Each structure stands twice: as structure tokens, then as C-alpha cells.
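The values are calculated or read from the model by the stated rules, or taken from the named source; none is laboratory data. Nothing here was measured: the structure is a model prediction, and the numbers come from that model. Counting neighbours? That spans all protein chains shown, and the Cβs are built from the backbone with ideal geometry, glycine included. For the accessible areas, the whole protein counts, side chains as well, though only heavy atoms, and no ligand, DNA or RNA atoms are used. Shrake-Rupley method; radii C 1.70, N 1.55, O 1.52, S 1.80 Å.
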Amino acid sequence: MTREERVAKAIDEASPLYRDIMRKAYRGVAPPRSAIKAQCLHCVGYVRDDITHCTGYSCALWAYRPYKTRGGRNR
């Protein structure tokens, strides 16, 4: 499977609510925070609340994940 086919599949699997951010992230035109958000959404199967409760502490993006309060604590 080519990269283009994998990207198309990932975008198709995303909730319609998140498809625009996914497209921008894959094209490389999303701001860094949006690209991180896209990665986190993809990682948790597009369930936003699961990002808040993420336990992937060894992930390089864990400290930057969206949907948390200041200071790195979960909402």
C-alpha cells in the first residue's frame, strides 16, 4: 500500500468532524499544535475524551497533547 493510499484510508476512517484537520496535517500545512492534535486523535481512534485520559507517558507528544489543563494535568 502506498503512502497516498494509507493517508486516504486514515482520513476516511476519521470522524467527519476531524477530517479537515487530518487533511491539513497530512499535507504538511497544519500548524504544529493542530498536527499534534491530529496525531493524538488518530492514536486514540478519534475519541477526544481518550486524549484527556491518555496513559501513553512514553509518547514523545504526551506533554503536548490537547485537551488538558495548564500544568499538564488532565481536565
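With the dipole of the chain worked out from charges on the C-beta (+1 for Lys and Arg, -1 for Asp and Glu) around the Cα centre, which of G45, A14, Y67 lies farthest toward the positive end?
The one lying farthest along the dipole's positive direction is Y67.
Mind checking the dipole of the chain: about its Cα centre, +1 per Lys or Arg Cβ, -1 per Asp or Glu Cβ, Debye to the nearest 20?
So the dipole magnitude of the chain works out to roughly 400 debye.
Based solely on its DSSP helices, what 222 nm [θ] is calculated for the chain when runs of n ≥ 4 H residues each add -39,500 (n - 2.57) and the sum is averaged over all residues, nearest 500 deg cm²/dmol?
-14000 deg cm²/dmol
Ordered by packing density, taken as the mean number of other Cβ atoms within 10 Å over each peptide's residues, highest first, how do 16-25, 32-41 rank? Intermediate results must be reported in sequence, preceding the final value.
Numbers: 16-25: 15.7, 32-41: 17.7.
Averaged packing, sorted descending, gives the order 32-41, 16-25.
How much accessible area per residue does the chain have, counting only protein heavy atoms and a probe of 1.4 Å, in square angstrom?
Accessible surface, normalised per residue, equals 72 Å².
What percentages make up the Cα-Cα pair-distance distribution of the chain when the bins are 5 Å wide from 0?
Over the chain, the share of Cα pairs per 5 Å bin runs 3, 16, 26, 24, 17, 10, 3, 1, 0 percent.
Could you tell me the calculated FRET efficiency between R3 and I36, based on Cβ-Cβ distance and R0 = 22 angstrom, to the nearest 0.05?
It comes out at approximately 0.65.
Can you give me the distance in nm between label points at Y57 and R19, each placed 7 Å from the Cα along the Cα-to-Cβ direction?
3.9
Roughly speaking, to the nearest percent, how much of the chain's 1.4 Å accessible area is carbon and sulfur?
Carbon and sulfur: 52 percent of the exposed surface of the chain.
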